[in-house]
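The values are calculated or read from the model by the stated rules, or taken from the named source; none is laboratory data. Since this is a predicted model, take the numbers as computed values, not measurements. Ideal geometry is used to build each Cβ from the backbone, glycine not excepted, and the neighbour counts take in all protein chains shown. Just the protein is used for accessible areas: all its heavy atoms, side chains included, with ligands, DNA and RNA removed. Shrake-Rupley method; radii C 1.70, N 1.55, O 1.52, S 1.80 Å.
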Amino acid sequence: MKNTILKQVNAIGAELVFPFYVYPDGTCGKSIASGRLNAVMVVKKKFPVEELKSDFLTGSQGLDENVLAHLTEIGNQLGFLFYIYADGTCGLTPSSTLNKFPFTMMVKKPFVVNQMVIEPDDVVNSVSSTAKKTTSYPHSIWTLPEPQVFMPTDEELKILEKAREKVRKRGYLDEDTERVYLCFSTDKEFEYFVLNRILSGSNEKYILLRGTQDLVKKYVLKHCWDDAVVDLMAERCSDDVILAYFSKWLVRVNVIEKLLEFGRFELIEKIQEVSSLDACRLCSDRHVAAIIKAGHSELLKTQIKKHGFRHKDDVEALIKTGNVEMIKYYLDYHSLSESAQKELIELGNAQLVKIYQERYGFCSDSLKLAKWRGVLCA
């Protein structure tokens, strides 16, 4: 029997106005996050079909009304994240491998509920919020941790006294002795030592674990972190400290990934004001790609405006998201390579194709493709 799952998705989209987001608790809204919950599904536009097609849709999850249960069932078999295309088929790539249809819906993670529920405030505000798109994020789930307090063993207390004597004589501390001193010295001793010594890389983490944000900022203005310490930045540094670091040093991409995980979206936008996410030309870190992959391309407006994308496949990845607002924003500032032009045409949005042709003009091969695809008048 024909299922009508996509019909129900369309009905919610008609009420909220596309695109809309769905959170782990089944609520739907217009923001990429709701309270402490980041969206796990995005629906870009209306499906032209009603039926969801998948070899993994067994019907064992109950009635068609249990939309999210069916999607979780497919994801558990197909893998997360997965995409649903305009024809109702599912796959693991942003565009269908069968007919190049771009995805209409993206499902990142399984749901803990079976049904979708519209948040009341979003129904009231959906028309006005769509008419004037402004990026507004809720408070993130992150809070600044208190400095950590360490309790020494008897043996460590003995090491500490010897370390103090060496520090007074400006002597060298081996790595383990330095660790003991950083963990158990007084606050005054700790601060003086941090600001006047070059620490071993493995012990720098104690500055983040124990130090005040003021001390951490003073340190990072003089020293870049060892890679082993960078992982802690997103968790234990204030916005002010991270911005100071980005303005002076290159940061590994795992910091951006952690900021996304913690929902520190406004900070990611601020970072682009002080440094390009593509600043590093000598390593393989791909900050822009990480943000697009996480489904938050709307965070990249400042990067697009001030710096652009260094990697051409990042531009193509942005187009493949199908985020019309962000693609338009990119075209306000940049033309496209020939391969990106073809991705834009494959997206099938006649309005975007027209904008590009009028603003920059397609190369001859892309122009032929656009006319053959029927997205640009001959």
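Scanning segment 240-290 for residues that are of a type in the set (Asp, Glu) and within 20 Å of Arg310 (Cβ to Cβ), we see that the one that is farthest from the chain's Cα centre (by Cα) is Glu273.
Beta carbons closer than 6 Å, at least 6 apart along the sequence or on distinct chains, pair a first residue in segment 78-95 that is at pLDDT 90 or above with a second that is open to solvent by 20 Å² or more (accessible area, probe 1.4 Å) and of a type in the set (Ser, Thr, Tyr) for Cys90/Ser54; Gly91/Tyr83.
Which of the residues spanning segment 254-304 are basic (Lys, Arg) and touching a Ser or Thr at 6+ places or on another chain (Cβ under 7 Å)?
First pass over segment 254-304, keeping only residues basic (Lys, Arg): 258, 264, 270, 281, 286, 293, 301.
Scanning segment 254-304 gives a single hit, Arg264.
Are any of the residues in segment 328-349 under 30 Å from Phe262 (Cβ atoms) and touching a residue at least 40 places away in the same chain (Cβ under 8 Å)? No, because not a single residue in segment 328-349 is under 30 Å from Phe262 (Cβ atoms) and touching a residue at least 40 places away in the same chain (Cβ under 8 Å). The numbered conditions (1) in a helix (DSSP H, G or I); (2) more than 27 Å from Cys224 (Cα to Cα); (3) touching a residue at least 40 places away in the same chain (Cβ under 8 Å) are all true for Glu266 except (2).
Checked against the criterion of being among the charged types (D, E, K, R) and under 18 Å from Ser95 (Cα atoms), the candidates Glu325, Glu343 yield just one match: Glu343.
Here's the yes/no breakdown for (1) modelled with pLDDT under 90; (2) among the acidic types (Asp, Glu):
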site: Arg252; (1), (2): yes, no
site: Val255; (1), (2): no, no
site: Arg264; (1), (2): no, no
site: Arg281; (1), (2): yes, no
site: Val315; (1), (2): no, no
site: Asp332; (1), (2): no, yes
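In segment 158-174 there is no residue that is touching a residue at least 12 places away in the same chain (Cβ under 8 Å) and in contact with a Pro (Cβ under 6 Å, 6 or more places away or on another chain). Of the helices (runs of 4 or more DSSP H) lying entirely inside segment 216-261, the ones with 1 or more residues being open to solvent by 50 Å² or more (accessible area, probe 1.4 Å) and farther than 18 Å from Pro145 by Cα are found at 227-230, 239-248.
Exactly one residue among Lys328, Lys354, Lys320 is in contact with a strand residue (DSSP E or B) (Cβ under 9 Å, 6 or more places away or on another chain), within 25 Å of Glu298 (Cα to Cα), at pLDDT below 95 and not small (Gly, Ala, Ser), and that residue is Lys320. The residue list Tyr329, Tyr333, Tyr360 contains one member that is of a type outside the set (A, V, I, L, M, F, W, C) and crowded, with 17+ Cβ neighbours inside 10 Å, which is Tyr329. Ile304 - would you say it is within 27 Å of Leu81 (Cα to Cα) and in contact with a Phe, Trp or Tyr (Cβ under 6 Å, 6 or more places away or on another chain)? Here the answer is yes, as Ile304 does meet what is asked.
The selection criterion, being open to solvent by 20 Å² or more (accessible area, probe 1.4 Å) and under 22 Å from Phe150 (Cβ atoms), holds for Tyr206.
Looking for something closer than 30 Å to Ile268 by Cα, assigned to a helix (DSSP H, G or I) and within 37 Å of the chain's Cα centre (by Cα) - is there at least one such residue anywhere in segment 163-180? No.
Quick grid of which residues meet (1) touching a Ser or Thr at 6+ places or on another chain (Cβ under 7 Å); (2) in a helix (DSSP H, G or I); (3) modelled with pLDDT under 95; (4) within 30 Å of Asp55 (Cβ to Cβ):
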{"site": "Lys109", "(1), (2), (3), (4)": "no, no, yes, yes"}
{"site": "Thr130", "(1), (2), (3), (4)": "no, yes, yes, no"}
{"site": "Ile141", "(1), (2), (3), (4)": "no, no, yes, no"}
{"site": "Phe150", "(1), (2), (3), (4)": "no, no, yes, no"}
{"site": "Ile159", "(1), (2), (3), (4)": "yes, yes, no, no"}
{"site": "Phe190", "(1), (2), (3), (4)": "no, yes, no, no"}
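Among the residues of segment 21-57, which ones are open to solvent by less than 10 Å² (accessible area, probe 1.4 Å), touching a residue at least 60 places away in the same chain (Cβ under 8 Å) and not aliphatic (A, V, I, L, M)? Correct list: Gly26, Cys28, Gly29.
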